[in-house]
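The values are calculated or read from the model by the stated rules, or taken from the named source; none is laboratory data. Here the structure is a predicted model, which is why all the values come from computation and not from measurement. No Cβ is skipped: glycine too gets one built from the backbone with ideal geometry, and neighbour counts run over all protein chains shown. The area values use the complete protein model at the heavy-atom level, side chains included, leaving out ligands, DNA and RNA. Shrake-Rupley method; radii C 1.70, N 1.55, O 1.52, S 1.80 Å.
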Amino acid sequence: MGLTHSASTKQGLKDLFNVEKLKEEDCVIALAGNPNTGKSTVFNSLTGLHQHTGNWPGKTVVNSQGKYSHKDKDFIIVDLPGTYSLLASSVEEVVARDFICFGKPDVTVVVLDATCIERNLNLLLQVLEITDNVVACVNLMDEAKSKNIKIDIEGLSKELGIPVIPTTARNNVGMNNLKDTIYDLCHNKIETCPVQILYPREITEQLQILTPMLSSIFMDKINAKWLALRLLDGDDSIINSIGKFLEYDLKT
Ligand SMILES: Nc1nc2c(ncn2[C@@H]2O[C@H](COP(=O)(O)OP(=O)(O)OP(=O)(O)O)[C@@H](O)[C@H]2O)c(=O)[nH]1
Ligand SMILES: [Mg+2]
């Protein structure tokens, strides 16, 4: 079966994710993160009252979307459910994964809790397997400061190969910097070079076979290496989502 549908198009976003672009050049931003890291606070700080809440199509999970303008551009931001991973073991994880993977947001912001950053890196590294266009927002910087936790923001940014922005969203601190960085990434004014995760030899060998095969089927519709990893992991839910969003049956 051919690939007939692109979720990243204006109509695809509307039909599959209920995300409506007013103009083709509007930028779509996904906001991901572990539960309770301040995603909704970041979302509220960016969008003010320009937001609305519904459900994800076919799911009972809340879908909050908002809008903001920065410089000369309009941004649509989607507050994803809080998840510890994207391995699709809960409906929230499926929703977050499917949006990042098939909704093709222009930028994904991963909100991290500055007081327990290591625990939060698991999700961030999973997002970096799917997309290069990522900003890490290290939130709760005030809490970290009061606990005497120091974070080497520049060092983290170098290690991860993406921009890292410190924020205290509750007090609107760092938000302009975050908006500037999202803007720059959306408009190719900065490039990322995400850290590459090294897998054991057996997996690397399998990846070398599977990735080019998947790449030739799906082209740039999905990150082929990430898909190969999910298939090697025996993740059935990705096969279902490929059927739903890319109209391709991987079982036959
Ligand atoms: N001290 C401090 N508290 C914050 C900051 N940002 C958010 N909070 C607080 O952290 C708590 C959780 O914030 P939310 O924005 O609801 O977090 P969330 O990630 O959306 O949570 P879930 O949607 O449940 O995953 C709230 O009490 C916020 O007021 C911050 O920068 N500093
Ligand atoms: Mg929230």
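Criterion first (more than 16 Å from ligand 2 (Cβ to nearest atom) and on the phi > 0 side of the Ramachandran plot) does Lys67 satisfy it? Give the derivation first.
Numbers: more than 16 Å from ligand 2 (Cβ to nearest atom): yes; on the phi > 0 side of the Ramachandran plot: no.
Judged against the criteria, Lys67 is not a match.
When the residues of the stretch 16-30 are narrowed to those that are at pLDDT 85 or above and closer than 25 Å to Leu125 by Cα, which ends up nearest to the chain's Cα centre (by Cα)?
Of all residues in the stretch 16-30, those at pLDDT 85 or above come to 23-30.
Filter once more, so that each one left must be closer than 25 Å to Leu125 by Cα: 27-30.
Working: Cys27: 14, Val28: 11, Ile29: 8, Ala30: 5 Å.
The residue in question is Ala30.
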Filter pass, Leu87 being open to solvent by 50 Å² or more (accessible area, probe 1.4 Å), among the aliphatic types (A, V, I, L, M) and within 18 Å of the chain's Cα centre (by Cα): yes
Return the residues of the stretch 211-233 that are part of a helix (DSSP H, G or I), within 19 Å of the chain's Cα centre (by Cα) and either surrounded by 20 or more Cβ atoms within 10 Å (Cβ to Cβ) or at pLDDT 90 or above (or both); say none if nothing qualifies. Lys221, Ala224, Lys225, Trp226, Leu227, Ala228, Leu229, Arg230
Looking only at the stretch 103-124, how many residues end up being in contact (Cβ under 8 Å) with a residue 60 or more places away in the chain, surrounded by 23 or more Cβ atoms within 10 Å (Cβ to Cβ) and part of a helix (DSSP H, G or I)? 1
Which condition from (1) in a helix (DSSP H, G or I); (2) loosely packed, with under 15 Cβ neighbours inside 10 Å is the one that Lys189 breaks? (1)
Would the stretch 31-54 turn up any residue that is modelled with pLDDT of 95 or more, within 15 Å of ligand 2 (Cβ to nearest atom), under 16 Å from Asp98 (Cβ atoms) and crowded, with 22+ Cβ neighbours inside 10 Å? yes
Identify, from the list Leu160, Leu125, the residue that is at pLDDT 95 or above, over 24 Å from Asn63 (Cα atoms) and more than 15 Å from ligand 1 (Cβ to nearest atom). Leu160
Flagged pairs (Cβ under 8 angstrom, 6 or more apart or on separate chains; first in the stretch 28-44, in contact (Cβ under 8 Å) with a residue 24 or more places away in the chain and farther than 13 Å from Ile76 by Cα; second of a type in the set (S, T, N, Q) and near ligand 2 (Cβ under 9 Å from one of its atoms)) are Ser40/Ser64
Quick one: is Ile100 closer than 23 Å to Leu46 by Cα, away from ligand 2 (no atom under 16 Å from the Cβ), open to solvent by less than 10 Å² (accessible area, probe 1.4 Å) and of a type in the set (Val, Ile, Thr)? yes
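Which of the residues that make up the stretch 234-243 are touching a residue at least 12 places away in the same chain (Cβ under 8 Å) and either among the β-branched types (Val, Ile, Thr) or loosely packed, with under 14 Cβ neighbours inside 10 Å (or both)? Lay out the reasoning, then the answer.
Kept after step one, since they are touching a residue at least 12 places away in the same chain (Cβ under 8 Å), are these residues of the stretch 234-243: 235, 237-239, 241-242.
Residues satisfying the conditions are Ile238, Ile239, Ile242.
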Return a yes/no flag: does the stretch 76-99 have any residue that is over 29 Å from Asn240 (Cβ atoms), away from ligand 1 (no atom under 16 Å from the Cβ) and part of a helix (DSSP H, G or I). no
